[in-house]
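J.: What follows is a single structure, and I will ask about it in a moment.
Since every read-out is calculated from the coordinates, none of them should be taken as a lab result. Remember, it's a predicted structure, so these values are computed and weren't measured experimentally. Here the Cβ positions follow ideal geometry from the backbone for every residue, glycine too, while neighbour counts run over all protein chains shown.
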Amino acid sequence: MVEFQWKGSLWAAVLLLMLVVGCAGYSGGTGGSKAGNPHVAEAITHGQEAADHGGMGHADAVVTHAEVSLQHAQAAAKEMTNPHLDAGIVELDEAIAHGKAGHADVATKHAKSAVMHLKEI
């Protein structure tokens with residue numbers, strides 16, 4: 001019975017340590033990370049949707065998702081300063097412009113570039 005309690009306590013300690021390390025890793029990072037700014041996370045999600053649809057040739061869907069991504073990126077820019085955020089906003093503007101012109105392939109490249117920059121925040 002003592003051995004079982006010891007193993008149970010050890011298991012509980014391991015789980016607690018995993019929880020603490022996991023939470024510390026999630027909330028830490030370089031200031032304004034995705035975990036710290038929900039607008040950045042939403043910008044990435046919609047930017048990826050734009051890129052995915054663009055890969056299927058859906059220029060109109062690129063515009064729709066890139067515009068939502070841009071709104072979130074601009075909201076994040078009001079709360080933080082980051083060169084990758086600025087670059088992501090520029091790329092989203094380009095994705096929207098090319099998507100509106102029906103250039104799904106070029107719009108996709110800009111959406112992918114925007115996501116790459118936003119993930120660096």
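J.: Would you mind putting 39-50, 96-107 in packing order, based on average other-beta-carbon counts within 10 Å, highest first?
T.: With the highest mean Cβ count within 10 Å placed first, the list reads 39-50, 96-107.
J.: Now, a different point. What number, in percent, do you get for the relative contact order of region 38-119 if the mean sequence gap of Cα pairs under 8 Å and at least 6 apart is divided by its residue count?
T.: Computed over region 38-119, the figure is 40 percent.
J.: To continue, here is another question. Over what distance in Å are the Cα centres of region 44-95 and region 96-118 separated?
T.: Cα centroid to Cα centroid, the span is 8 Å.
J.: Further question: Return the sequence-ordered ³J(HN,Hα) values of region 85-91 in whole Hz as given by the Karplus equation 6.51 cos²θ - 1.76 cosθ + 1.60 applied to θ = phi - 60°, using x for Gly and Pro.
T.: Whole-Hz 3J(HN,Hα) from phi for region 85-91: 5, 4, 5, x, 5, 4, 5.
J.: To continue, here is another question. Over its Cα atoms, what ratio of radius of gyration to 2.2 N^0.38 Å does region 38-119 give?
T.: 0.93
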